[in-house]
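The values are calculated or read from the model by the stated rules, or taken from the named source; none is laboratory data. Everything numeric in this text was worked out from a predicted model, so none of it was measured. Using ideal geometry, Cβ is built from the backbone for each residue, glycine included, and neighbour counts are taken over all protein chains shown. Remember, those area values only see protein heavy atoms, side chains included, never the ligands or the DNA or RNA. Shrake-Rupley method; radii C 1.70, N 1.55, O 1.52, S 1.80 Å.
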Amino acid sequence: MANELLHGDLCPLCDRRLTRRVTATVRSAQSDYPTRIDSVPHCDRCASDMLRAHEWADLMRARYES
């Protein structure tokens, strides 16, 4: 996935701008800096709300995997 959010994406539930959350940092033994940083779109409000988290995850999966 690119470092930029697609189309200035908004959260499908609350319409707030999405941020990026780091999921993995890959380091090489020969480098002091990360060779790859994986991240996913993230909404602090909806992804952390236990009542909405499952619905939010399903909507985001449908948006980015289709």
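Summary of values
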quantity: Note, ³J(HN,Hα) from phi for region 16-23, Karplus 6.51, -1.76, 1.60, rounded to Hz, x at Gly and Pro; calculated: 8, 5, 7, 10, 10, 10, 6, 9
quantity: Acute angle (nearest 10 degrees) that the helix 53-65 long axis makes with the longest principal axis of the chain, alpha-carbon atoms; calculated: 60 degrees
quantity: Most to least accessible of Tyr64, Tyr33 (protein chains only, probe 1.4 Å); calculated: Tyr33, Tyr64
quantity: Contact order relative to length of region 10-64, as percent, for alpha carbon pairs under 8 angstrom and 6 or more apart; calculated: 31 percent
quantity: Within a Gaussian network of the chain (alpha carbon springs, distance under 10 Å), most fluctuating of Asp44, Asp32, Asp15; calculated: Asp32
quantity: Stokes-Einstein diffusion coefficient of the chain, Kirkwood radius over Cα pairs, 10 °C, 1.306 mPa s, in µm²/s; calculated: 121 µm²/s
quantity: Gain upon complete extension [Asp38, Tyr64; 0.36 nm per residue less C-alpha separation]; calculated: 7.9 nm
quantity: Label-to-label distance, nm, for residues given as Ala53 and Ser28 (7 Å Cα→Cβ offset); calculated: 3.6 nm
quantity: Accessible area of the chain belonging to carbon and sulfur atoms, whole % at 1.4 Å probe; calculated: 50 percent
quantity: Residue-normalised accessible area of the chain, given per residue in Å² at a 1.4 Å probe; calculated: 77 Å²
